[in-house]
Amino acid sequence: MFLHEIAADEIKHRLSMVNKSFNASVIVTGHGDFWQHILPDAVIVSADEVLKLEPRAHDLIIHAMALHWANDPVGQMIQCLHALKPDGLFMAVMFGGQTLHELRATLAEAEAQVSGGLSPRVAPMSEIRDMGALLQRAGFALPVIDSLPIKTSYKSLTHLMHELRAMGERNALHGRVRHFTRPSLFTAAEALYRRAFAAADSRIEATFELLFLLGWAPDATQPKPLRPGSASARLADALGSLEMPLKD
């Protein structure tokens, strides 16, 4: 669960920078026993398709390492928005698009060599720009999103896949292969992996990317952007630089 530990530390750090206290918090997650210690007074809600949240009942909702599993991530965000009080805070952490890109590439190449086709083996992950757009689409105000890449290494491809299963990140895609995979596929993938993504001490590299999303339930007290063209000061004056007009 080391990735959950990193995610939890980052969430606590971001909460410490918010100048506001929260009295009705919720954590949406599939790992309630782990995440409960982040906010001991928070209510734990299972990350189901329909979230068990009361409308306008909470001032903080943390969606913890589960949004990348959602069939409808926008729907999850909208449900959280409806459950927030005005000016309530939504925070989420999830895996991003660069997660396991090495595994995705080598399994695809190996399967093409061994069987002449491709099967969905690594779930698709959202890119940072996509999740920022989804926050706005869901209706959150003042959206912020950033990423944290994490480089790791493993003894072998088998060790990597065993750890993914242990942390609950198995292949749950509807179109996944339902029969046993031939060992020759993983032998070929191991060779390709070591050739392209070798780490020190005969290990292999693996990348995980954590995306952190933040948005506020709209409220009249929040700052609003000014109308374009309404500025009363020149940027060049503020920067102490010379303004160079462009020719028509």
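The values are calculated or read from the model by the stated rules, or taken from the named source; none is laboratory data. None of these values were measured; they are calculated from a predicted model. Reconstructed Cβ throughout: ideal geometry from the backbone, glycine too, with neighbour counts over all protein chains shown. Note: accessible area is taken over every heavy atom of the protein model, side chains too, but ligands, DNA and RNA are not part of it. Shrake-Rupley method; radii C 1.70, N 1.55, O 1.52, S 1.80 Å.
How many of the residues in region 169-185 are open to solvent by less than 40 Å² (accessible area, probe 1.4 Å) and either closer than 27 Å to Ile128 by Cβ or modelled with pLDDT of 85 or more (or both)?
The qualifying residues number 1.
Which of the helices (runs of 4 or more DSSP H) found entirely inside region 46-157 contain at least 2 residues meeting this: under 30 Å from Leu226 (Cβ atoms) and open to solvent by less than 10 Å² (accessible area, probe 1.4 Å)?
Those helices (runs of 4 or more DSSP H) span 73-83, 128-138.
Kindly list, by first and then second residue, each pair from a residue in region 186-204 that is open to solvent by 60 Å² or more (accessible area, probe 1.4 Å) to a residue that is polar (S, T, N, Q), limited to pairs with Cβ atoms under 6 Å and residues at least 6 apart or on different chains.
That search, which allows pairs on different chains as well, returns Arg203/Ser153.
Taking region 48-87, which residues are on the phi > 0 side of the Ramachandran plot and more than 21 Å from the chain's Cα centre (by Cα)?
Arg56, Asp87
I'd like the full set of residues that are open to solvent by less than 40 Å² (accessible area, probe 1.4 Å) and either outside any loop (DSSP other than H, G, I, E, B) or of a type in the set (Lys, Arg) (or both), limited to region 17-33. Break it down stepwise before answering.
Within region 17-33, the first condition is being open to solvent by less than 40 Å² (accessible area, probe 1.4 Å), and the residues that meet it are 18, 24-29, 32.
Scanning region 17-33 gives Ser25, Val26, Ile27, Val28, Thr29, Gly32.
Considering only region 5-36, state which residues are without any contact (Cβ under 8 Å) to a residue 24 or more places away in the chain and out of contact with any strand residue (DSSP E or B) (no Cβ under 7 Å at 6 or more places or on another chain).
Glu5, Asp9, His13, Ser16, Met17, Asn19, Ser21, Asp33
Would you check if there is a residue in region 217-235 being at pLDDT 85 or above and closer than 30 Å to Gly139 by Cα?
Residues of region 217-235 at pLDDT 85 or above: 217-218.
Going one step further and asking which of them are closer than 30 Å to Gly139 by Cα, we end up with 217-218.
There is at least one residue in region 217-235 that is at pLDDT 85 or above and closer than 30 Å to Gly139 by Cα.
Can you name every residue in region 217-248 that is under 30 Å from Cys80 (Cα atoms) and of a type in the set (A, V, I, L, M, F, W, C)? First the steps, then the outcome.
So the first thing to find is which residues in region 217-248 are under 30 Å from Cys80 (Cα atoms), and the list is 217-227.
Answer for region 217-248, where residues must be under 30 Å from Cys80 (Cα atoms) and of a type in the set (A, V, I, L, M, F, W, C): Ala217, Ala220, Leu226.
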